[in-house]
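Just so it is clear, none of the values below were taken in a lab; they were calculated from the coordinates. This is a predicted model, so every value here is computed, not measured. Reconstructed Cβ throughout: ideal geometry from the backbone, glycine too, with neighbour counts over all protein chains shown.
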Amino acid sequence: MPFARVFAVGLALHFKMLSRSPFDLFVVIASPLIFATLAYFLFEGESSSSLLVAALASGVMGIWSSTTASGAGALQTQRRLGVLELLVGTPTPFWAVVLPITVAISGIGIYSLAVGLAYVRLFYGVPIVVDSWPAFAAAVPATIVSIGCLGFLFASALVRYRSAFQIGNVFEWPVWMICGLLIPVSVLPGWLQPISWLFAPTWGMSALRGATLGTGRPWLDIAACAALAGAYLLAGIVFLRFFLHRARVDATLALS
Amino acid sequence: MTNLRVLTIGGLISYRALFGWLNPASYTLTILIPSLTQLAFFVFLGRAAHVADDAFFVAGNALVAAAAPSLFGMAQAVAGERYTNTLALIVVSPASRPALFLGRALPAIANGVVVSIWTFVIAGLLFGITIPAHAVAPLALTILVTAFSCVGLGLFNASLGLRWRETGVLGNILLYVLLLFAGVNVPLDRLPSWLSTAAQGLPITHGAEASRQLVAGASFSHVAPLIAAEALVGVVYTAIGLTAIGLFEVEARRGATLEVA
């Protein structure tokens with residue numbers, strides 16, 4: 001129960017803080033506008049459902065962008081604010097403090113999805129037709145939370161690096177490229193596909209697409225999101241314990 | 001002589017300070033790898049959309065690679081000074097503003113050229129784009145001129161830094177505008193006519209077209225007007241940037257808003 005309270009309070013607090021950050025808001029709002037526009041011009045003449053899926057894809061791109069831009073460097077931000085040692089020193093397990101931060105970072109991606117859908121509806125007249133609303137309603141949080149857990153893994157693995165932000169950014173374009181968002185996996189080299197299976201955006205996008213178009217198996221994709229989220233969480237906790245132990249032994253938490 | 005010293009030594013020191021945090025690893029992570037992955041994204045997107053061949057996207061995006069360090073690097077010319085609490089000292093110094101800021105622009109241009117060439121070479125190898133031998137020198141000139149015009153836009157971005165702290169956001173907005181509307185990823189004939197016309201005033205538009213024609217085998221004389229147009233765009237943005245810096249500086253002094261912007 002204490003973990004649930006820490007998670008809920010942390011999530012609400014960081015969501016509100018991020019919602020007031022011009023940079024973070026720009027990241028999640030600009031992505032769908034830019035990439036939905038790009039899709040409109042490049043795939044002109046295709047069906048309205050294609051543009052609807054492109055809007056969803058650009059929304060997922062926004063969630064991922066937020067995660068790479070801020071998630072990987074989440075602990076560096078705490079270090080910069082001077083509270084990292086305090087957070088590490090609290091009796092609450094550190095992973096329970098970090099997880100709501102990274103989920104909040106991906107959580108503001110909800111703005112991305114909303115902006116993407118509103119944009120194609122208002123500017124291009126695309127009807128928002130969803131085949132299965134229950135699956136869609138489950139796919140949205142599954143996508144956000146699983147990507148947030150991946151952000152947690154990044155943050156944990158990079159806790160000792162001041163350049164975590166830059167390292168996280170390296171993953172932005174490759175994941176956009178290989179996870180079947182705007183680019184169909186059929187045009188990519190075959191060896192990239194198994195790699196894409198390791199990333200939550202692949203399954204989140206597949207779930208959203210399936211729920212919207214009535215194709216594929218969205219519930220299975222949602223289950224894959226949940227499974228990956230659990231795996232990211234476990235791996236992140238292991239990384240965090242290891243790296244924090246090293247930082248305590250070497251007394252380098254603030255100096256990393 | 002003083003202006004020359006400010007231009008060269010001042011620019012060099014500022015550049016070293018700007019990238020003082022960089023080591024080869026983080027330079028690679030921040031600039032060299034993203035320029036390639038971004039290009040690869042658009043090449044594959046282009047393949048999916050069937051609007052143009054790989055060369056179209058490689059030639060255009062290799063030039064965009066020069067834009068990112070130019071836009072963000074120049075923005076840091078102001079934001080970095082504010083961060084280190086030296087912006088006020090810059091403003092009260094009697095140094096010539098063109099020398100001061102153009103000095104900061106020269107290393108940014110050099111950096112843009114390096115990144116652009118790196119992206120062109122590696123992407124060419126990855127996607128099998130060959131550059132005719134006679135096109136190498138004109139292509140290098142195109143890259144240099146395009147990096148200059150991007151830095152001109154970067155100067156304008158830097159001037160906005162005197163009015164608004166979020167230069168990162170501004171830089172991203174400008175970069176996205178270039179990616180979308182400079183004819184780099186969306187052929188100009190696919191844009192609405194008014195947008196296609198407006199794109200003629202953006203950095204990279206003419207450089208990207210020149211670069212594509214050179215890769216396709218065109219001669220220097222054939223693309224010279226495009227390179228000249230790109231240079232003209234750069235001169236105009238540089239003039240706008242320097243003028244805006246002067247105006248915003250006066251306004252910041254008058255309103256005492258230099259540190260609260």
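Name the one entry in B:197, B:238 that is more than 14 Å from every other protein chain (Cβ to nearest Cβ), farther than 20 Å from residue B:145 by Cα and among the hydroxyl-bearing types (Ser, Thr, Tyr).
One residue alone meets the criteria, B:197.
When residue A:42 is tested against (1) crowded, with 21+ Cβ neighbours inside 10 Å; (2) touching a residue at least 40 places away in the same chain (Cβ under 8 Å); (3) more than 15 Å from the chain's Cα centre (by Cα), just one condition goes unmet, and that condition is (2). Among residues that are more than 25 Å from residue A:120 (Cα to Cα), away from chain B (no Cβ under 11 Å), of a type outside the set (A, V, I, L, M, F, W, C) and touching a Pro at 6+ places or on another chain (Cβ under 9 Å), residue A:77 is not included. The residues of region B:177-201 that are within 13 Å of the chain's Cα centre (by Cα) and buried (at least 18 other Cβ atoms within 10 Å of the Cβ), listed by number, are B:178, B:179, B:182. The residue of region A:153-177 that is surrounded by the most Cβ atoms within 10 Å (Cβ to Cβ), among those that are within 10 Å of another protein chain (Cβ to nearest Cβ) and among the polar types (S, T, N, Q), is A:166. Scanning region B:44-99 for residues that are among the hydroxyl-bearing types (Ser, Thr, Tyr) and within 14 Å of chain A (Cβ to nearest Cβ) yields one hit, B:83. Residue-level check: of (1) within 29 Å of residue A:117 (Cα to Cα); (2) buried (at least 21 other Cβ atoms within 10 Å of the Cβ); (3) in contact (Cβ under 8 Å) with a residue 60 or more places away in the chain; (4) not aliphatic (A, V, I, L, M), residue A:236 misses just (1).
Tell me yes or no: at least one residue of region A:66-83 is touching a residue at least 40 places away in the same chain (Cβ under 8 Å), loosely packed, with under 15 Cβ neighbours inside 10 Å and out of contact with any helix residue (DSSP H, G or I) (no Cβ under 7 Å at 6 or more places or on another chain). No: zero hits. Can residue A:150 be described as crowded, with 20+ Cβ neighbours inside 10 Å and not in a helix (DSSP H, G or I)? It is false that residue A:150 is crowded, with 20+ Cβ neighbours inside 10 Å and not in a helix (DSSP H, G or I). The single condition among (1) within 30 Å of residue A:131 (Cβ to Cβ); (2) within 10 Å of another protein chain (Cβ to nearest Cβ); (3) under 17 Å from the mean Cα position of the chain (by Cα) that residue A:33 does not meet is (3).
Restricting attention to region A:100-137, the residues that are part of a helix (DSSP H, G or I) and over 30 Å from residue A:75 (Cβ atoms) add up to 13. I'd like to check something: does region B:158-166 contain any residue that is in a helix (DSSP H, G or I), within 14 Å of chain A (Cβ to nearest Cβ), touching a helix residue (DSSP H, G or I) at 6+ places or on another chain (Cβ under 6 Å) and within 30 Å of residue B:253 (Cβ to Cβ)? Scanning region B:158-166, I find at least one residue that is in a helix (DSSP H, G or I), within 14 Å of chain A (Cβ to nearest Cβ), touching a helix residue (DSSP H, G or I) at 6+ places or on another chain (Cβ under 6 Å) and within 30 Å of residue B:253 (Cβ to Cβ), so the answer is yes. Do we have residue B:66 as within 16 Å of the chain's Cα centre (by Cα), in a helix (DSSP H, G or I) and under 17 Å from residue B:182 (Cα atoms) here? Spelling it out, residue B:66 is indeed within 16 Å of the chain's Cα centre (by Cα), in a helix (DSSP H, G or I) and under 17 Å from residue B:182 (Cα atoms).
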